[in-house]
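For reference, the structure is listed below as structure tokens.
The values are calculated or read from the model by the stated rules, or taken from the named source; none is laboratory data. Owing to the predicted nature of the structure, the values given are computational and were not obtained by experimental measurement. Note that each Cβ is placed from the backbone with ideal geometry, even for glycine, and that neighbours are counted across all protein chains shown.
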Amino acid sequence: MATSHCCKDIIERSFGATLRRDNWWVEPLTMVVVLLGFVIYSVWRAFEHANYWGGPYLSPFYSPHFSVDLPRWCSPAFLIIWVPAGFRFTCYYFRKAYYRSFASQPIACGVGKPWKSYSGESKLLLFQNLHRFFLYLAIAFIVVHIYDLVKATRWPVSAAAAYTSPHHAAGPTEFGIGIGTIVILIDVILLTGYVSGCHAFRHLVGGCIDAPSRVFLGRLRHRIWRGVNVFNEHHNMWGWISLAWVGFTDFYIRMVASGTISLEFDRLF
Amino acid sequence: MALRKFRIFRGDSRETGELVEFEVECGEGMVVLDAVHRIQAEQAPDLACRWNCKAGKCGSCGADVNGKPKLMCMTRLSDYPEDEVITITPMRAFPVIRDLATDVSINYENNRRLPHFQPRPADFEDGEFRMYQWEVERPQEFRKCIECFLCQNVCHVLRTHDKHQEFIGPAFFVRTAVYEMHPADVGDRREHLKEHGGIGLCNITKCCTEVCPEKIKITDNAIIPLKERVADKYYDPLRWLLRKLTGRG
């Protein structure tokens, strides 16, 4: 029988102090890398203010597109990017992700924190309660993305006819599908899945009702609530995949817009 | 049978206590609690440890096993490599009484402070209130809670910041949700949740859900819906306006 002392780890009073033996640091580190990578890419793309539309495609980072005169330094992306950014920033799942990985509140369960004081979401972070308002805007954005998808199936009849601005081709158009159309379709499906599982959405559609049998349309709302639960159970998965795909969608459209991928190559039929 | 090493916390406070190493013969199918019992029987008869059912239902044998909150009776030794030393310490969020036994009485005090069930008035001719299975299923999930307090133990608000007086913790948000979401209850607990329960202190990092032995989705199904209800009352200007105009809600 031997005795050992390691009060630092038992008490977990210093950052990273823990008795855990597993690789608890892998998950927060991965999240920092992925989230930081996405933020850097999106900010760069917003500042780039070029190559955001090509052929019938409009990048989701610049959609909806407003034809207004802006100062040279201001990209049209800044007019709209705060909506998806705000929705994801206040999302209950992403809050968990960045509280853990960026703020170390806590970095992992049962691991010491670097902070002595803590106020949670009761003071400075009260604004997180505005998530439902970002939800309303996010639903409107999905409608806009569906419009973009419809527009992504309209191609000029004459191959020589060029697009003069996002969604506006010179001359008549016809139905067609390109790789970009499919990329945008997947983007719309993933974003819809992500927004459909939103906790605030679940609350609004039926979660706020305790006795559905006593409420007008209560049974229907209860069924919708159950449907939303299906998406909500995998909200994190929808969140990550839709985040990655929206970045890929923008990247693909940038490739088309810059001419790296030609419209002839892109168009399937 | 294989000889395995254990480090177990001994003492009556974390400041003066120490980790004591034991070597025990362990067989196939043994759980951590079996090993602790063998140590009690063969090497340290004064080792304090709570347990009762050995079936994961009484919630008595909670401890930190290799830094993670677990029920010792449900934690198989085969989950750990044979050469790994298994460290068992008392639940971090509560004061140590002795060895692995902690003082969890604060939980019972918090429980007493929760607003009680407030029955909905009868609305059938026979003088009863009736509800359907499909509408009572939601709070039934929370009834699975065995009150092991592993969720309280892992929650950093209690474990690291010791805010037991300001924050009731995940176990009692679950208990509140049982009543708050029950079709036969008409109570409004939002003020209590905000002012006394400290729901704003929860930053939904889901450690409670990760450790729950009953697999209750504490964060997604109890805490976040309660947070949304508090937001309805205190942080939604549209609803505030609607309440002013209609006088409802």
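Miscellaneous remarks
- Lone qualifier among A:170, A:200, A:152 - being more than 9 Å from every other protein chain (Cβ to nearest Cβ), among the hydrophobic types (A, V, I, L, M, F, W, C) and surrounded by 19 or more Cβ atoms within 10 Å (Cβ to Cβ): A:152
- If the condition is being in contact (Cβ under 8 Å) with a residue 40 or more places away in the chain and either over 18 Å from residue B:209 (Cα atoms) or more than 10 Å from chain B (Cβ to nearest Cβ) (or both), then the range A:105-118 contributes A:112, A:113, A:114.
- Restricted to the range B:133-157, and to residues there that are loosely packed, with under 14 Cβ neighbours inside 10 Å and touching a residue at least 24 places away in the same chain (Cβ under 8 Å), the residue that is nearest to residue B:63 (Cα to Cα) is B:144.
- Annotation: of all residues in the range A:203-228 being closer than 24 Å to residue B:178 by Cβ and among the aliphatic types (A, V, I, L, M), the one that is nearest to the other protein chains (Cβ to nearest Cβ) is A:211.
- Within the range A:194-235, being over 15 Å from residue B:222 (Cα atoms), in contact (Cβ under 8 Å) with a residue 24 or more places away in the chain and polar (S, T, N, Q) holds for one residue alone: A:196.
- Scan of the range B:186-211 for residues that are closer than 16 Å to residue B:139 by Cβ and surrounded by 23 or more Cβ atoms within 10 Å (Cβ to Cβ), ordered by number: B:193
- Strands (runs of 3 or more DSSP E) wholly inside the range B:4-90 that include at least 2 residues being under 24 Å from residue A:111 (Cβ atoms), among the basic types (Lys, Arg) and within 14 Å of another protein chain (Cβ to nearest Cβ): B:68-71
- Flag for residue B:217 being at the interface with chain A (Cβ under 9 Å from one of its Cβ atoms), more than 21 Å from residue A:199 (Cβ to Cβ) and surrounded by fewer than 21 Cβ atoms within 10 Å (Cβ to Cβ): no
- Taking the numbered list (1) in a helix (DSSP H, G or I); (2) within 11 Å of chain A (Cβ to nearest Cβ); (3) more than 28 Å from residue B:102 (Cα to Cα) in turn, residue B:183 passes all entries but (1).
- Unique match (being assigned to a helix (DSSP H, G or I), surrounded by fewer than 17 Cβ atoms within 10 Å (Cβ to Cβ) and within 14 Å of chain B (Cβ to nearest Cβ)) among A:78, A:89: A:89
- Residue ID - farthest from the chain's Cα centre (by Cα), chosen from residues in the range A:50-69 that are surrounded by fewer than 21 Cβ atoms within 10 Å (Cβ to Cβ) and over 20 Å from residue A:141 (Cβ atoms): A:69
- From the options B:124, B:117, residue that is assigned to a loop (DSSP other than H, G, I, E, B) and either outside the structural domain of residue B:223 (by TED's automatic domain parsing) or farther than 24 Å from residue B:232 by Cβ (or both): B:124
- Condition check for residue B:239: in contact with a helix residue (DSSP H, G or I) (Cβ under 6 Å, 6 or more places away or on another chain), more than 21 Å from residue A:103 (Cα to Cα) and surrounded by fewer than 20 Cβ atoms within 10 Å (Cβ to Cβ): yes
- Flag if residue B:245 is free of Cβ contacts under 8 Å to residues at least 40 places away in the same chain, within 11 Å of another protein chain (Cβ to nearest Cβ) and surrounded by fewer than 22 Cβ atoms within 10 Å (Cβ to Cβ): no
- Per-region count, the range B:194-224, residues assigned to a loop (DSSP other than H, G, I, E, B) and within 20 Å of residue A:89 (Cβ to Cβ): 5
- Yes/no for residue A:21 being loosely packed, with under 15 Cβ neighbours inside 10 Å and either within 14 Å of another protein chain (Cβ to nearest Cβ) or within 30 Å of residue B:12 (Cα to Cα) (or both): no
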